[in-house]
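The values are calculated or read from the model by the stated rules, or taken from the named source; none is laboratory data. Please read these numbers as outputs of a predicted model, since none were measured by experiment. Because the Cβ atoms are built from the backbone with ideal geometry, glycine has one as well, and the counts that use them run over all protein chains shown.
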Amino acid sequence: MSKVTLRPFEEKDIENKVKWINDPENNIYLHYNIPLNYEDTLSWYRNHKNDTNRHDMVMEYDGTPVGVIGIINIDKKKGEYYITLGDNNFRRKGISYEATNQIITKAFNEFSVEKIWLCVDAENVPARRLYEKVGFKLEGMLRKDIYFKGKMIDRCMYGIIKEEWQK
């Protein structure tokens, strides 16, 4: 039995999310307005907790919250994937891989999407390896796509289609 479980994000998770996103080891490739603060994150949560176009989850390892994952921006039959393994003590245990497989399964079977997509900094090689390992396909390079930390950066667009996943 897997030690990795997903559960819906709750108000009690805000403190951890703020801590995880503000950690420089975690936010090197995140395009948030950093630092996050508790009050703004609480407001975000209250404004979005009933949105049907997003499913924000907490990754737990053996019952301990270790990060956030989700499918957001669900538009008809397509949704955007995100993940942050927040607790650095849990790296290299296969948690992100297992949690990603679980959220993809949920997205296709419970959230009724046909495609999951994501954008990732071209330089974020560990994340790209994870996405390719679980079955995402590189769909293209978005050259000088966004301005971040003083420069224009390239991002890669990945996608996975339900039929490919089921094989």
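Out of segment 71-83, which residues are within 19 Å of ASN27 (Cβ to Cβ) and either surrounded by fewer than 20 Cβ atoms within 10 Å (Cβ to Cβ) or hydrophobic (A, V, I, L, M, F, W, C) (or both)?
Pass one, segment 71-83, residues within 19 Å of ASN27 (Cβ to Cβ): 72, 80-83.
Those that are within 19 Å of ASN27 (Cβ to Cβ) and either surrounded by fewer than 20 Cβ atoms within 10 Å (Cβ to Cβ) or hydrophobic (A, V, I, L, M, F, W, C) (or both): ILE72, GLU80, TYR82, ILE83.
Please go through segment 106-143 and give me each residue that is in a strand (DSSP E or B), without any contact (Cβ under 8 Å) to a residue 60 or more places away in the chain, of a type outside the set (Val, Ile, Thr) and in contact with a Phe, Trp or Tyr (Cβ under 7 Å, 6 or more places away or on another chain), ordered by number. Even if it seems obvious, please write down each step before you answer.
Start the filter on segment 106-143 by keeping residues that are in a strand (DSSP E or B), which leaves 115-121, 137-143.
Remaining after also requiring without any contact (Cβ under 8 Å) to a residue 60 or more places away in the chain: 115-119, 137-143.
Checking which are of a type outside the set (Val, Ile, Thr) leaves us with 115, 117-119, 137-143.
TRP117, LEU118, LYS137, LEU138, GLU139, listed by residue number.
What are the pairs with Cβ atoms under 9 angstrom where one residue, in segment 14-42, is over 17 Å from ILE83 (Cα atoms) and the other, located anywhere, is outside any helix (DSSP H, G or I)? Sequence gap at least six, or different chains.
ASP40/ASN33
Looking at (1) farther than 21 Å from SER2 by Cα; (2) charged (D, E, K, R); (3) touching a helix residue (DSSP H, G or I) at 6+ places or on another chain (Cβ under 7 Å), which one does ARG143 not meet, given that it meets all the others?
That leaves (3) as the condition not met.
Taking the condition of being modelled with pLDDT of 90 or more and among the polar types (S, T, N, Q), how many residues in segment 48-68 meet it?
Taking segment 48-68 first, the residues modelled with pLDDT of 90 or more are 53-68.
Right, trim to among the polar types (S, T, N, Q) and you get 53, 64.
Looking only at that region, the number is 2.
Of ASN27, ASN50, ASN88, ASN73, which residue is in contact with a strand residue (DSSP E or B) (Cβ under 6 Å, 6 or more places away or on another chain) and either closer than 24 Å to ASP154 by Cβ or not aromatic (Phe, Trp, Tyr) (or both)?
Result: ASN73 is the single residue among ASN27, ASN50, ASN88, ASN73 that is in contact with a strand residue (DSSP E or B) (Cβ under 6 Å, 6 or more places away or on another chain) and either closer than 24 Å to ASP154 by Cβ or not aromatic (Phe, Trp, Tyr) (or both).
Just to be sure, is ASN33 in contact with a helix residue (DSSP H, G or I) (Cβ under 9 Å, 6 or more places away or on another chain) and exposed (fewer than 11 other Cβ atoms within 10 Å of the Cβ)?
Taking the combined requirement at face value, the residue satisfies it.
Please verify whether segment 55-70 includes one or more residues that are in contact (Cβ under 8 Å) with a residue 12 or more places away in the chain, on the phi < 0 side of the Ramachandran plot and loosely packed, with under 13 Cβ neighbours inside 10 Å.
Scanning segment 55-70 turns up at least one residue that is in contact (Cβ under 8 Å) with a residue 12 or more places away in the chain, on the phi < 0 side of the Ramachandran plot and loosely packed, with under 13 Cβ neighbours inside 10 Å.
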